[in-house]
1. Under DSSP H, which helices of the chain have Cα atoms covering 20 Å or more of the helix axis and a Kyte-Doolittle average no less than -0.5?
2. Quick one: net charge of GLY79's neighbours, Cβ under 13 Å, K/R +1, D/E -1?
3. Normalise the Cα radius of gyration of segment 4-62 by 2.2 N^0.38 Å (N = residues in it) and let me know the number.
4. Considering the convex hull of the alpha carbon atoms of segment 46-91, report its projected area averaged over all viewing directions, in nm², one decimal.
5. If each of LEU58 and THR39 carries a label point 7 Å out from its Cα toward its Cβ, how far apart are those two points in nm?
6. Among LEU38, ALA100, GLY67, flag the residue with its Cα farthest along the positive direction of the charge dipole of segment 38-114, charges on Cβ as +1 for Lys/Arg and -1 for Asp/Glu.
7. Consider just the alpha-carbon atoms of the chain and return their Rg together with their Dmax, both in angstrom.
Amino acid sequence: MINYRKHIDDFFREKLGNYREAPPPEAWGELEQRLDGLTPALPSQYYRFIPHIAIISLLVVMGTTLGMLIADVPAVFIGDRFAARLPMRLIHAVAAAIFAAMGVLALFRIETLF
């Protein structure tokens, strides 16, 4: 077993490289009988719908973007207007408390109660 590090593909190629097995003639006849009765399958015509899918995808992306702008722009303007009037430390403290409360609720898997 001197060639124990040789790759198995190389080993089989070396030993069986010239070996060819011819199928029996009756196998070809049987295959021809099976294939004669079959009709070729029609190619799928999904390619016709590619432009429709592209247009729908574009409309979904544009609608989502427009919806986000409609929802976010007023919030940004209102937040900008009130930012000068509200103390930023209080806002940060309230946000941190909400974040911590959500973490505790997630830790105790409180969502299973609802």
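Read-outs: derived from the displayed coordinates by stated rules, not from any lab. Worth saying up front: this structure is predicted, and the values here are computed from it rather than measured. Note that we place each Cβ from the backbone using ideal geometry, even for glycine, and neighbour counts take in every protein chain shown.
1. 50-83, 88-107
2. Once positives and negatives cancel, what remains is 0.
3. Here the answer is 2.45, to two decimals.
4. 4.4
5. Here the answer is 3.8 nm between the modelled labels.
6. Going by the Cα projections, it comes out as ALA100.
7. Cα-based Rg and Dmax for the chain come out at 35.0, 93 Å.
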